[in-house]
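So the structure is just underneath, and the comments pick up after that.
The values are calculated or read from the model by the stated rules, or taken from the named source; none is laboratory data. What you see is a predicted model; the values in this text were computed from it and never measured. Methodologically, a virtual Cβ is constructed for each residue, glycine included, from the backbone with ideal geometry; neighbour enumeration extends over all protein chains shown.
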Amino acid sequence: MASHFYMKKVVFVLLSLIWATSLVNAQEQIALFNASNFDGWTFVNNAGIELDRQSINRGRIALLTTVQGNVQKLVSPALDCRQVDSLRVEVQYRIVSESYKASKVLLQIAVRDEEENLKDSIQIKVPSDELEHQLAGTLPVPHANGLRLHFTAPYADKDNCGAIIEAKVLAYKNGSGVVVVGDVDGDGKVDVSDVNVIINVILEQNTDPDTKLKADLDGDGKVDVSDVNKAINLILEL
């Protein structure tokens, strides 16, 4: 009887490991932008700045809208999202102007198809407490090929600008069972345990940087009661 019990326990552990591995594998990096990986990315600007290692390291890949209405934007290569439910974008954002006022800047990430039709977008508020920020946001995508991400800062002018130093695009595969938005603890679902993790981050009982990024559900650059409310709303919607 005891051996039977332990056998069942071993099987349970093995199945748990397989399930956990499948969740990890369901998240796949499909694009990366930084000073070492910028092939296929384009920087649309009116200053003639080219994408190269030096310009990226110096923070010259600034996102802003001039007083003339010219929009500078970073555009990803075409992404194959035929088996993808959603994308998580993790961005390293650097202030590049002494007169920068972060409260005025919203980093906008838009998904557009090959005909430049807007499919979805998110806005992430840039906090004002540091010169460099780790920002993150998640958005659903249609199952399609050739989608591109457009990074802009529509409310930043030339005196209030920041620059993208790195952008990592993670895809969550179709049928993976992973709920992206609100799944802070990574267990594949949104429930009260995610609320508890967010509260622990607020109370600084959990200081893991990656967890802090995931806990910022509303993308305003900080973890507070509004993120708790969003998690609760997601639970109620589910």
(request) Scan segment 25-69 for residues that are within 21 Å of Ala156 (Cβ to Cβ) and of a type in the set (Gly, Ala, Ser) and jot them down. (result) Ala47, Gly48, Ser55, Gly59, Ala62, Gly69
(request) Scan segment 216-238 and report the pairs whose first residue is within 20 Å of Leu106 (Cβ to Cβ) and whose second residue is in a helix (DSSP H, G or I) and small (Gly, Ala, Ser), with Cβ atoms within less than 9 Å and a gap of 6+ or a chain change. (result) Leu217/Ser226; Leu217/Ala231; Asp218/Ser226; Asp220/Ser226; Gly221/Ala102; Val223/Ala215; Asp227/Ala215
(message) For segment 54-68, check the following and say yes or no: at least one residue is of a type outside the set (A, V, I, L, M), exposed (fewer than 12 other Cβ atoms within 10 Å of the Cβ) and at pLDDT 90 or above.
(response) yes
(message) On the basis of being within 18 Å of Ile164 (Cβ to Cβ), surrounded by 18 or more Cβ atoms within 10 Å (Cβ to Cβ), touching a residue at least 60 places away in the same chain (Cβ under 8 Å) and assigned by TED's automatic domain parsing to the domain that holds Cys161, does Val89 make the cut?
(response) yes
